[in-house]
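Asker: First the structure, then my questions, so here it is.
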Amino acid sequence: GQLPTWLQGILLRNGPGMHTIGDTKYNHWFDGLALLHSFTFKNGEVYYRSKYLRSDTYNCNIEANRIVVSEFGTMAYPDPCKNIFAKAFSYLSHTIPEFTDNCLINIMKTGDDFYATSETNFIRKINPQTLETLEKVDYSKYIAVNMATSHPHYDSAGNTLNMGTSIVDKGKTKYILFKIPPSVPEKEKKKSCFKHLEVICSIPSRSLLHPSYYHSFGITENYIVFIEQPFKLDIVKMATAYIRGVNWASCLAYHKEDKTWFHFVDKKTKKEVSTKFYSDAMVFFHHINAYEEDGHIIFDIIAYTDNSLYDMFYLKNLSKDFEENKLTSIPACKRFVVPLQYDKDAEVGSNLVTLPSTATAVKEKDGSIYCQPETLCAGIELPRINYDHNGKKYKYVFATEVQWSPVPTKIVKFNTQTKEMLHWGEDHCWPSEPVFVPSPDAKEEDDGIVLTCIVMSDPKEAPFLLVLDAKTFKELGRATVDVEMHLDLHGMFIPQKDLKTETE
């Protein structure tokens, strides 16, 4: 096929790549050592490269020829030959875990720089052209967080917005929303943007010892949308996990009898909306988009009725026959419609949603508002949108299709307004998260292309990069790569203009 001539830049992807080191093996797919890979588009040609992230974790493990740094699903232990004092000391030093810098989930842009990210307090700067690993940044040196999400947002001024959980202040567990500026003042050129990191606001956790796990958050023109779900970390268990010989993932539990709470923070006043909005228990990882309309906040997420997804990716489960390995909850695209402005004298039990939607928001006796979503569609995950429409009313979601197996078999384009769905799929193809790239003269939301890497389930067939016309979902071309490629998690397209030239 042919690539559009305007497509110039780099598709950068991140995900777990190495699961065995010496005689040791990670327990969980999400623990594997980060492998970066990229497709560079230049004048109608495509160049591929991949490289392991040279994190401290990678270096220590490779040097020891075994897993010596703990990951979320795999606890690592020091050399058993060490004497009893050394052992006792390492138990103590693990109570506040020293997290890994194996940044394997996503890529984040800050100013002109790019970072590999995961969900700990560490991120690693990388060179997007060579995939070289550069300096390590520790968020906790600039802000009191122990974890941060891998799905930041970017505003029109070029700031990077992100959220992290602070468990440092014992008894004051909170979620912190922060902003990293794109550049530093002229006179401080030597300093990093992180020195100017600013806390926008903090939201106290409803339970001090059981903060909610979250993987992303939402943003509209005026608000930040944060969902406190009953999928929670047990801090006490986490602090003793090392001594008990269990992994940190076992300290995560779904409390299905609890509620899911919605928090809306006004970006201008930095204050949270005081009304209490909640819904039934659910587990979710990915926000799709959020926007405001006639006094309502509308947000779309991919939700599950249980936490079976994480368990599916234990390697012992992945090595079973895929057909038997079924999710007990299929992902569903849910739309919540939350009335921020409503008649304060409305009757208890009345639905306060005034927009045409089957989503409801019912006033309770105590003044809180119970929200139930509209289900837009089922069986999609790893959603992406045209990011120019982030925080605004939008139509299209590009995603992978997953049915009862956690591995995607197709990619889809879903119209949230007409509920129409277009598919691309072929036998033996496992696509990765689709990335939308707008065309330079785009007038409509879906003017552009969709890029996805396809891994073949048949080892005799070579993997390839697929380029689809975003409007019609017809194939424009594919670039076959004659190397083994791994399923990855997330990534981004970096247009040529955002890449520093070598001299810079």
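Asker: Which pairs do you get when a residue that is in a strand (DSSP E or B), found in the stretch 351-369, comes within reach of a residue that is surrounded by 12 or more Cβ atoms within 10 Å (Cβ to Cβ) and among the acidic types (Asp, Glu), reach meaning Cβ atoms under 9 angstrom, with the pair 6+ apart or on two chains?
Answerer: Close Cβ pairs (under 9 Å, with a partner that is surrounded by 12 or more Cβ atoms within 10 Å (Cβ to Cβ) and among the acidic types (Asp, Glu)) amount to 360/374.
Asker: Which strands (runs of 3 or more DSSP E) sit wholly inside the stretch 112-199 and have at least 3 residues that are of a type in the set (D, E, K, R), out of contact with any Pro (no Cβ under 9 Å at 6 or more places or on another chain) and modelled with pLDDT of 90 or more? Even if it seems obvious, please write down each step before you answer.
Answerer: Numbers: elements: 113-117, 122-126, 133-138, 160-166, 174-180.
In the stretch 112-199, the matching strands (runs of 3 or more DSSP E) lie at 133-138.
Asker: Go over the candidates 7, 3, 36, 12 one by one and state the one that is more than 12 Å from residue 104 (Cα to Cα), open to solvent by less than 60 Å² (accessible area, probe 1.4 Å) and assigned to a strand (DSSP E or B).
Answerer: Details: 7 fails: assigned to a strand (DSSP E or B); 3 fails: assigned to a strand (DSSP E or B); 36 fails: more than 12 Å from residue 104 (Cα to Cα).
Answer to the selection: 12.
Asker: Looking at 220, 240, which is the one that is under 30 Å from residue 341 (Cα atoms) and either surrounded by fewer than 19 Cβ atoms within 10 Å (Cβ to Cβ) or polar (S, T, N, Q) (or both)?
Answerer: 220 is the lone residue from the list that is under 30 Å from residue 341 (Cα atoms) and either surrounded by fewer than 19 Cβ atoms within 10 Å (Cβ to Cβ) or polar (S, T, N, Q) (or both).
Conditions (1) open to solvent by less than 10 Å² (accessible area, probe 1.4 Å); (2) of a type in the set (Asp, Glu); (3) in contact (Cβ under 8 Å) with a residue 40 or more places away in the chain, marked per residue:
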residue	(1), (2), (3)
208	no, no, no
226	yes, no, yes
235	no, no, yes
246	no, no, yes
250	no, no, no
258	no, yes, no
267	no, no, yes
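Asker: With the requirement that a residue be in a loop (DSSP other than H, G, I, E, B), surrounded by fewer than 20 Cβ atoms within 10 Å (Cβ to Cβ) and either of a type in the set (Gly, Ala, Ser) or touching a residue at least 40 places away in the same chain (Cβ under 8 Å) (or both), what does the stretch 418-433 give you? Outline the logic, then answer.
Answerer: Looking only at the stretch 418-433, we keep the residues that are in a loop (DSSP other than H, G, I, E, B), and these are 418-420, 425-428, 432-433.
Of the ones still in play, those that are also surrounded by fewer than 20 Cβ atoms within 10 Å (Cβ to Cβ) are 418-420, 425-428.
Hits for the stretch 418-433 are 419, 425.
Asker: Give me the residue from the stretch 178-206 that is of a type in the set (A, V, I, L, M, F, W, C) and out of contact with any helix residue (DSSP H, G or I) (no Cβ under 7 Å at 6 or more places or on another chain) and, out of that set, most open to solvent (accessible area, probe 1.4 Å).
Answerer: Kept after step one, since they are of a type in the set (A, V, I, L, M, F, W, C), are these residues of the stretch 178-206: 178, 180, 184, 193-194, 197, 199-201, 203.
Filter again for out of contact with any helix residue (DSSP H, G or I) (no Cβ under 7 Å at 6 or more places or on another chain), leaving 178, 193-194, 197, 199-201, 203.
Values: 178: 0, 193: 22, 194: 5, 197: 27, 199: 74, 200: 26, 201: 16, 203: 8 Å².
Of everything passing the filter in the stretch 178-206, 199 is most open to solvent (accessible area, probe 1.4 Å).
Asker: Please specify each residue of the stretch 465-491 satisfying the condition of being assigned to a strand (DSSP E or B), open to solvent by 10 Å² or more (accessible area, probe 1.4 Å) and either touching a Ser or Thr at 6+ places or on another chain (Cβ under 9 Å) or of a type in the set (D, E, K, R) (or both).
Answerer: Taking the stretch 465-491 as the starting set, the residues that turn out to be assigned to a strand (DSSP E or B) are 465-469, 475-480, 490-491.
Next cut, open to solvent by 10 Å² or more (accessible area, probe 1.4 Å) only: 469, 475-476, 478-480.
Answer for the stretch 465-491, where residues must be assigned to a strand (DSSP E or B), open to solvent by 10 Å² or more (accessible area, probe 1.4 Å) and either touching a Ser or Thr at 6+ places or on another chain (Cβ under 9 Å) or of a type in the set (D, E, K, R) (or both): 469, 475, 478.
Asker: Also: Only residues that are part of a loop (DSSP other than H, G, I, E, B) and surrounded by fewer than 17 Cβ atoms within 10 Å (Cβ to Cβ): list them for the stretch 396-417, please. Can you show your working first?
Answerer: Let us first name the residues in the stretch 396-417 that are part of a loop (DSSP other than H, G, I, E, B), namely 402-409, 416-417.
Of everything in the stretch 396-417, those that are part of a loop (DSSP other than H, G, I, E, B) and surrounded by fewer than 17 Cβ atoms within 10 Å (Cβ to Cβ) turn out to be 403, 404, 405, 417.
Asker: Which of the residues spanning the stretch 66-111 are modelled with pLDDT of 85 or more, over 28 Å from residue 192 (Cβ atoms) and open to solvent by 20 Å² or more (accessible area, probe 1.4 Å)?
Answerer: Matches in the stretch 66-111: 66, 68, 75.
Asker: Then there is this: Checking the condition within 29 Å of residue 20 (Cβ to Cβ) and either surrounded by fewer than 21 Cβ atoms within 10 Å (Cβ to Cβ) or under 24 Å from the mean Cα position of the chain (by Cα) (or both), which residue from 312, 282 passes?
Answerer: On the way: 282 fails: within 29 Å of residue 20 (Cβ to Cβ).
Unique residue meeting the criteria: 312.
Asker: Looking at this structure, is residue 460 under 23 Å from residue 109 (Cα atoms), open to solvent by 50 Å² or more (accessible area, probe 1.4 Å) and of a type outside the set (Phe, Trp, Tyr)? Spell out the reasoning first.
Answerer: On the way: under 23 Å from residue 109 (Cα atoms): no; open to solvent by 50 Å² or more (accessible area, probe 1.4 Å): yes; of a type outside the set (Phe, Trp, Tyr): yes.
No.
Asker: Can you find a residue that is among the hydroxyl-bearing types (Ser, Thr, Tyr), at pLDDT below 95 and either in contact with a Lys or Arg (Cβ under 9 Å, 6 or more places away or on another chain) or over 22 Å from residue 215 (Cβ atoms) (or both) anywhere in the stretch 278-288? So that I can check it myself, show each step before the final result.
Answerer: First, pick out the residues of the stretch 278-288 that are among the hydroxyl-bearing types (Ser, Thr, Tyr): 278-279.
Of the ones still in play, those that are also at pLDDT below 95 are none.
No, every residue in the stretch 278-288 fails to be among the hydroxyl-bearing types (Ser, Thr, Tyr), at pLDDT below 95 and either in contact with a Lys or Arg (Cβ under 9 Å, 6 or more places away or on another chain) or over 22 Å from residue 215 (Cβ atoms) (or both).
Asker: Give me the residue from the stretch 147-177 that is closer than 21 Å to residue 285 by Cβ and aliphatic (A, V, I, L, M) and, out of that set, surrounded by the fewest Cβ atoms within 10 Å (Cβ to Cβ).
Answerer: In this case the residue turns out to be 161.
The values are calculated or read from the model by the stated rules, or taken from the named source; none is laboratory data. Model, not experiment: these values are computed from the prediction. Neighbour counts are summed over all protein chains in view; Cβ atoms, including those assigned to glycine, are modelled from backbone coordinates with ideal geometry. Surface accessibility is based on the protein's heavy atoms, side chains included, excluding ligands, DNA and RNA. Shrake-Rupley method; radii C 1.70, N 1.55, O 1.52, S 1.80 Å.
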